[in-house]
Amino acid sequence: MPRGADRKEEGEPTFSPVAGRRPMSGRMKALVGVLGVTSAAGVFWLLSQGMQAGDGAENGGRPLNAERVGEVGERWSPIPREAPPPPPPVLQPAMVVPPPRPPSTMGAPGAFTPFAQRAAPSRVGIVAFELPGGGGPPTPGGGPSGAPEVTPGMPATLTAGRRDALADRLQAGDDMDTAVATVLPDRNLFITMGTPMACTPEQPINTDQPGPFRCKVSAPVYSTSGAVPLLDAGTWFVGQVRESLQRGRRRAFAVMTRIETPQGCLIRLRAPVADQLGEAGLDGEVDNHFWERFRGLAAVAFLDAASQAAATAAANALASRNGNSVSFNSFGGVGGRAGSGFADEADISPTLRRNQARPILVMAMQDLDMRPCFQLRMREVRR
């Protein structure tokens with residue numbers, strides 16, 4: 001063979017085509033095994049990292065929590081603290097806002113308030129009305145604010161229709177529907193309701209002009225037990241005639257309002273006056289003013305008839321001249337207007353006159369408690 005025949009040409013295989021490839025040595029086999037195991041471990045690790053990255057992407061939308069912070073494979077991120085609950089609102093006292101005032105129309109020319117739009121007056125119960133002393137129209141309760149005055153012992157359902165004329169004039173309440181028994185603390189120092197007390201008027205009484213008068217007790221008035229004289233002789237009663245005598249009546253109404261004893265004890269009361277026999281009202285001589293009333297009526301009738309006659313005569317005279325009828329109705333009313341001046345004389349109320357020194361009786365309409373004025377002591381009676 002020529003020299004250099006043993007050299008291998010480039011690109012030719014290193015193994016013999018007859019003998020085949022050389023078998024690998026044990027060292028080479030171990031190296032190949034280590035490389036294979038290492039490659040398999042690397043592939044497995046890469047796959048596991050990809051799966052963890054997928055889980056992290058899936059959990060990326062979930063809110064962070066304290067349990068997952070610090071786990072292996074989890075990235076750390078701060079968790080914001082929860083905001084504290086808001087404090088409870090502070091309750092402020094409610095403010096009462098007055099209703100808006102209606103626009104004033106005082107200065108506006110031609111402005112007026114319709115009657116239907118005015119504020120409706122507050123209604124007052126019928127119990128709140130009472131008849132004043134002068135006999136005028138009823139007004140709301142006696143207080144300055146118009147509040148109804150409540151009388152102790154008077155039921156709330158009492159109405160004006162159930163009150164009699166005497167209770168209205170005395171301005172005292174009616175009895176209760178149910179009577180409750182009570183015991184007098186000391187019968188020797190009480191003058192009970194209905195006790196007659198005689199007195200003698202000091203001056204004459206005339207009902208033309210209502211006014212006060214007084215009378216003097218001539219005999220002692222005893223307590224309800226009949227053992228103690230509580231109103232000695234010389235006690236003064238003060239009263240007044242409240243109204244004029246009404247037409248057709250022959251008795252005047254009077255009421256006593258005050259007692260003054262010789263010891264200086266003062267008592268306020270409401271007690272009607274009767275004659276010496278106990279008949280209610282004051283009797284006396286009644287003057288009906290017949291001639292005064294007749295004169296007024298005659299003057300009114302005469303003037304009315306004269307005006308009518310003059311109007312008729314004038315109408316007839318003009319009708320006879322012109323042949324036409326003329327009416328004088330306006331002239332006929334002159335007599336009525338002229339006669340109205342005499343109408344007051346025709347409407348005179350009768351007058352009751354009562355002389356002084358004629359005894360009268362005062363009827364107590366409530367229990368009189370004399371304990372603040374007297375104090376009783378036991379006294380031995382010598383025989």
Condition set more than 23 Å from residue 288 (Cβ to Cβ) and among the aliphatic types (A, V, I, L, M), scope the stretch 185-214, selection surrounded by the fewest Cβ atoms within 10 Å (Cβ to Cβ): answer is 193
The lone condition residue 217 fails out of (1) at pLDDT below 95; (2) within 24 Å of residue 356 (Cα to Cα); (3) among the hydrophobic types (A, V, I, L, M, F, W, C) is (1)
- [ ] For residue 250, state whether it is touching a strand residue (DSSP E or B) at 6+ places or on another chain (Cβ under 6 Å) and within 18 Å of residue 208 (Cβ to Cβ).
- [x] yes
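The values are calculated or read from the model by the stated rules, or taken from the named source; none is laboratory data. Owing to the predicted nature of the structure, the values given are computational and were not obtained by experimental measurement. Here the Cβ is made from the backbone with ideal geometry for all residues, glycine too, and neighbour counts use every protein chain on show.
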